[in-house]
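Each remark here refers to the structure printed beneath this line.
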Amino acid sequence: MIRVGPAGWNYPDWYGVFYPEKKDKSFKELDFLADFFDMAEINSTFYRPANAFMGRSWVMKTAKNPDFKFTAKLWSRFTHERRDFGTDEVRLFTAGIDPLFQAGKLGAVLCQFPWSFRNDEPNRKWLDRVLDAFGAYPLVVEVRHSGWDRPEIEEWLNRRGVGLAAIDQPVIGQSIPFKPVRTGAIGYVRMHGRNAAAWFARPSGSGGQNPSARYDYLYTEAEVVQITATVKAVAKGTKETYVVQNNHPRGQAVANAIQVRRSLGQAIRDLPESMFLQYPFLR
């Protein structure tokens, strides 16, 4: 089973492209998304934990598509901070995820670590503790520094039954290149785009660019063919594989996810005419 979808769905610049031109109170973005895809990655849980009400709401909004599943990014408290954590903080995160898990809608929790998270003993111990804390869920690890690109790391994660994400990112310096990797029972392919010029640029809060600029990239047809080949290699021997498009500006993630689905031979529902106006190649 290969599921393809975008990372997140709450983007104002999707209106008039994927969503209708004008937003009204009755329009539900996630409900609309579930007509076209059978998965989405929850980004908001990276910034703040969801509560149980939100978790139940996500389940209800996708109920019309029984095949729909979520993946959810782990709270950055556990991936981007190194202060000791306790059970209260773990429960704070799991409160919003448990409704998905109990409904059979949680495909994986993605533990996304930054490029600065290097492969050394303190960080391996930290990762081990994080995996222990959330071991009740299906887990996938994303690491970006090439120091983790070692057979012994893959073997360790495989023994633990934890997936390792194959990520497409600009290969700058000691960044992990895009290649098929698979550990555990879950395959995970994450497409960040290849905007090398903006990847390590300063965010707007420090006098730099909009933080979304690093993901401003539209994959070409030839690159989609390459991605599809990698996806198929990752999917071999896995229970499920998730392909997540994170190049979200102006609905590019939707366009490329549709291309990947078509390349995989998956059925596609008729798209809004606005998508063809923005991306004529989709016709």
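No value in this document is a laboratory result; all are computed from the given coordinates. Values in this document were obtained by computation on a predicted structure and should not be read as measured data. So basically every Cβ, Gly included, is an ideal-geometry build from the backbone, and we count neighbours across all protein chains shown.
Things to note:
- Report summary: the helix-based calculation at 222 nm, which adds -39500 (n - 2.57) for every DSSP H run with n ≥ 4 and divides by the residues of the chain, gives -10000 deg cm²/dmol.
- Taken along the Cα-to-beta-carbon direction at a fixed 7 Å, the label points for GLN226 and GLN174 span 2.4 nm.
- If the segment from LEU271 to SER146 were pulled out straight at 0.36 nm per residue, it would be longer than the present Cα-Cα gap by 41.1 nm.
- Rg over Rh [alpha-carbon atoms, Kirkwood Rh] for the range 171-273: 1.01
- Gaussian network model of the chain, springs between alpha carbon atoms under 10 Å - residue of PHE53, PHE18, PHE113 with greatest fluctuation: PHE53
- Once both labels are positioned 7 Å from their Cα atoms along Cα-to-Cβ, the gap between TYR47 and GLU121 label points is 3.9 nm.
- Relative contact order of the chain, taken over Cα pairs closer than 8 Å and 6 or more residues apart, is 20 percent.
- In the range 38-85, trypsin sites (Lys or Arg not before Pro) in a DSSP loop with at most 12 other beta-carbon atoms within 10 Å: LYS64, ARG82, ARG83
- Subtracting the Cα-Cα distance of HIS80 and PHE27 from their residue separation scaled by 0.36 nm leaves 15.6 nm.
- The gain in end-to-end length when the ASN210 to ARG160 segment is fully stretched comes to 14.2 nm, 0.36 nm per residue minus the alpha carbon separation.
- Of all DSSP beta bridges in the chain, antiparallel share, percent nearest 5: 5 percent
- Values [x] 16.8; [y] 15.9; [z] 14.9 are given for comparison; mean projected area of the Cα convex hull in nm², derived from the coordinates here, is the one labelled [z].
- Longest exposed-site-free window of the chain, the sites being GluC sites (Glu not before Pro) in a DSSP loop that have at most 12 other C-beta atoms within 10 Å: 82-283
- The range 24-159 - Kirkwood radius from inverse mean 1/r over Cα pairs (Å): 16.0 Å
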